[in-house]
Amino acid sequence: MTDRYSKQIIFPALGEKGQRKLSESHVVIVGCGGLGSMIATSLVRAGVGRVRVIDRDFIEYHNLHRQILFDEDDIRNELPKAAAAERHLRKINSSVEIEGVVADVNHGDIEELVSGADLIMDGLDNFEGRLLINDVSMKHGIPWVYGAALASSGMTTSFIPGKTPCFRCLSTNAPAAGLVGTCDTAGILGPVPFIIGSLQAAQAMKLLTGKVDKEQHLTVIDIWQGIFQRFKTGYRKGCPACQGKYEYLEGKSRVATTSLFGENAVQVLNTSGSEVNIKEMALQLAQTTEVTYNEFMLRFQADEEREMVVFADGRALVRNTNDESLAKALYAKYVGM
C-alpha cells in the first residue's frame, strides 16, 4: 500500500515515519457538513488509520454545493450524513477503518464518542458544540482542530491541552442568540469550507506526526475579498476550562428544551437572557423562506414538517415535533447559539 501514499511520503516533513504515524492514528470528526466532509475525505485519502465520523443530520439538496462527500443518490436513499460518509469513504480507501456514527453529540455522550482518539476535528456549525469539544479536550488531554465557515469567510486554529491556549481563552462565552449568522441566514459559498476544511486536515496531519507549531495562530480568510490573515493567540486570565472547570461537559448549557406534550411542540429556552433582533433575523430569513413577524416574534417554516416561532427574548417554539434534540438543532441552525 506504500505506493498509494508515495507522493506524500517523498515530502520531507512527512516521510515514511510520518506516514506510519498517520496509519496508527485515530481521529474523531464531529459534524459532517461542509467542513467535516472535506476533513474526512482528506484524512482518509492521506491514510489515517482509523476515522470516526459523527453526525445526527440527513442530507438535503441545499447541502450539495458545499458538502463534497455526498450526491443526489444519498438524498433519494434518505441516508443520514454519517452513514453516507462511511459508504463513500470506504470506497476511497479500503485500508482505513471507518465508522459512521449517527448521533447527536451532547454532554452525555461525547466522552464515550471521542474515547481513544488521538485528535478531534471540528466540523460543527454551532458555537456551543465547540465549547463542549473544548471541555472534553481539556479534561482528557486530546488535541482538537477548530474550524468555522460562514458566507465568504472562515477561520481555523488548533488547541493542544497543556501546550496552547484553549478555545475559551479566545471566546469567553457563546455569542448572544441571533447575533452571529448561520448558513441559513447569512448563506455560505462552497469554496469556504473546502479551504478551511483543507487547512484543518493539513494541521491534523502535522499534529498526528508530531509537528507542533511553536506559536499558535488563528487563520482567518475571506475568499470574496481575497483576504488571508493570521493572528497570534494567547491565554486568558481566569479561563474556566484552563482551571479545570468543564461547565459545558457538566451539562450547564445555556440552551434548555422542554417538550410541550399535548401541543406536539418543543420550547427552546435561551437561559443566557440575550435577546434576538427580530427585524434583522426576519430580513435574513426572508431571502429563503416566507416569514411573518412583528416586534415581539417571527414565524417561519423551519423544514417541510416543522414550523418555528422565535420570540424577542431568545425563546423559540418548534411545532410538529416532540424531539427535543431536533428542536435544539433547528434552534442552532436558524438562531445560532
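The values are calculated or read from the model by the stated rules, or taken from the named source; none is laboratory data. These numbers come from a predicted model, not from an experiment. Cβ placement follows ideal geometry from the backbone for every residue including glycine, while neighbour counts extend to all protein chains displayed.
Working only within segment 11-38, note down all residues that are part of a helix (DSSP H, G or I) and farther than 17 Å from residue 89 by Cα. Don't jump to the end; show me each part of the working.
Of the residues in segment 11-38, the ones part of a helix (DSSP H, G or I) are 15-23, 34-38.
Within segment 11-38, 15, 16, 17, 18, 19, 20, 21 meet the criteria.
Starting from residues that are at pLDDT below 95 and assigned to a helix (DSSP H, G or I), keep the ones in segment 111-129 and report whichever is farthest from residue 252 (Cα to Cα).
127
Do you know which residues across segment 41-73 are in a helix (DSSP H, G or I) and without any contact (Cβ under 8 Å) to a residue 60 or more places away in the chain?
41, 44, 45, 61, 62, 63, 72, 73
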(message) Condition check: touching a residue at least 12 places away in the same chain (Cβ under 8 Å) and either in a helix (DSSP H, G or I) or of a type in the set (Ser, Thr, Tyr) (or both). Does residue 106 satisfy that?
(response) no
(request) Go through segment 28-67 and give me each residue that's buried (at least 24 other Cβ atoms within 10 Å of the Cβ), in contact with a Ser or Thr (Cβ under 7 Å, 6 or more places away or on another chain) and more than 15 Å from residue 196 (Cα to Cα). (result) 48
(request) Could you list all residues from segment 72-96 that are charged (D, E, K, R) and loosely packed, with under 13 Cβ neighbours inside 10 Å? (result) 72, 73, 76, 78, 91
(request) Identify all residues within segment 129-154 that are over 25 Å from residue 22 (Cβ atoms) and surrounded by fewer than 19 Cβ atoms within 10 Å (Cβ to Cβ); write none if there are none. (result) 139, 151, 152
